[in-house]
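Since the structure comes first, as structure tokens, the remarks are kept for the end.
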Amino acid sequence: VVHHDLWDYDVAAQPVLLDLEVNGKTVPALVQATKMGHLFILNRETGEPVYPVEERPVPQTTIPGEYTSPTQPFPTFPQPLHPYGLDPDDAWGFTFYDSQACREKIAAADYRGMFTPPALDRYTIEYPGVAGGQNWGGLAFDRNSHSLIMPQNYVVTHNMLLPREQVPLRLLDRDGENYSLGEGVPYAVKHEVLLSPFGVPCVAPPWGTLLSV
């Protein structure tokens, strides 16, 4: 569901198995929800997508020694469950003061869609964030209404790559305090939830929902 994952967009929850009616035929299906807000629906006997999955171009890295996949897979049905876009006009706060601070943070960061690669010289926005979209909560299938029921998160993550020598020495041997330290690579990641000065997310609530699809 993601090529060369640089965003922690790993599959966090188990799939659901169901029998799906498609064009008058019963298809043995598997439904996998993802942190990107995508639902991948596959034939569980063949692994083939029940509905088309498109490989679409995504932004590329400029980090020396790193590479990014030129495309990522996007299901064409159902529609994405999580918003794709984020710009300064989406900034939210309780007051003009904190909404303006959020607007400035969003404007200063690099964001070219959910697969914007991490950068060295500035923060990048990860939206959906590291907790999704869909995260560990899983999903359920209601046969009576032919509905999938699942949680969905709407919180932004703020990331920046740092040379390892710039990371405080006390953090070099462990994760913590908003740093993730890669093994065998020259960089660490500083990451945080994008919050206002009042400590609330910089996008409008709700920050989580329960959906029926």
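Here are the numbers:
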item	result
Global form of the chain, assessed from the alpha-carbon gyration tensor, a/c cut-off 1.5	prolate
Simple label model, 7 Å out from Cα along Cβ direction - residue 94 to residue 108, nm	2.2 nm
Accessible area of residue 105 in the full protein assembly, 1.4 Å probe (Å², nearest 10)	80 Å²
Sequence-distant lysines (8 or more away, or on other chains) whose Cα lies within less than 25 Å of residue 105	35, 190
Over the range 96-213 - Rg/Rh using Cα atoms and the Kirkwood inverse-distance radius	1.06
Estimated [θ] at 222 nm from DSSP helical runs (n ≥ 4, -39500 (n - 2.57)) normalised by residues in the chain, nearest 500	-2000 deg cm²/dmol
Heavy atoms of residue 106 accessible to a 1.4 Å probe, total area in Å² rounded to 10	10 Å²
Relative intensity, log₁₀ I(q)/I(0), of the range 61-152 from a Debye sum that treats every alpha carbon as a point, q = 0.24 Å⁻¹	-1.27
Distance from the range 177-192 to the range 65-101 (C-alpha centre basis), Å	22 Å
Between helix 96-108 and the chain: long-axis angle, C-alpha atoms, 0 to 90°, nearest 10	80 degrees
Residue 122 versus residue 60: modelled label distance in nm, points set 7 Å from Cα along the beta carbon direction	2.0 nm
Cα point-scatterer Debye curve for the range 1-114, base-10 log of I(q)/I(0) at q = 0.21 Å⁻¹	-1.18
Rounded D (µm²/s) - the range 9-58, Kirkwood Rh over Cα pairs, Stokes-Einstein at 10 °C, 1.306 mPa s	134 µm²/s
Mean separation of Cα contacts under 8 Å (6+ apart) over length of the chain, as relative contact order %	18 percent
The range 82-213 - charge dipole about Cα centre, Lys and Arg +1 at Cβ, Asp and Glu -1, debye rounded to 20	160 debye
Förster-model FRET efficiency, 25 Å R0, residue 14 and residue 77, C-beta, rounded to 0.05	0.70
Accessible area of the range 8-57 belonging to carbon and sulfur atoms, whole % at 1.4 Å probe	50 percent
Gaussian network model of the chain, springs between alpha carbon atoms under 10 Å - residue of 141, 77, 96 with greatest fluctuation	96
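The values are calculated or read from the model by the stated rules, or taken from the named source; none is laboratory data. Quantities reported herein were computed from a predicted structural model and do not represent experimental measurements. Note that we place each Cβ from the backbone using ideal geometry, even for glycine, and neighbour counts take in every protein chain shown. In case anyone asks, the SASA skips ligands and DNA or RNA and just uses the protein heavy atoms, side chains included. Shrake-Rupley method; radii C 1.70, N 1.55, O 1.52, S 1.80 Å.
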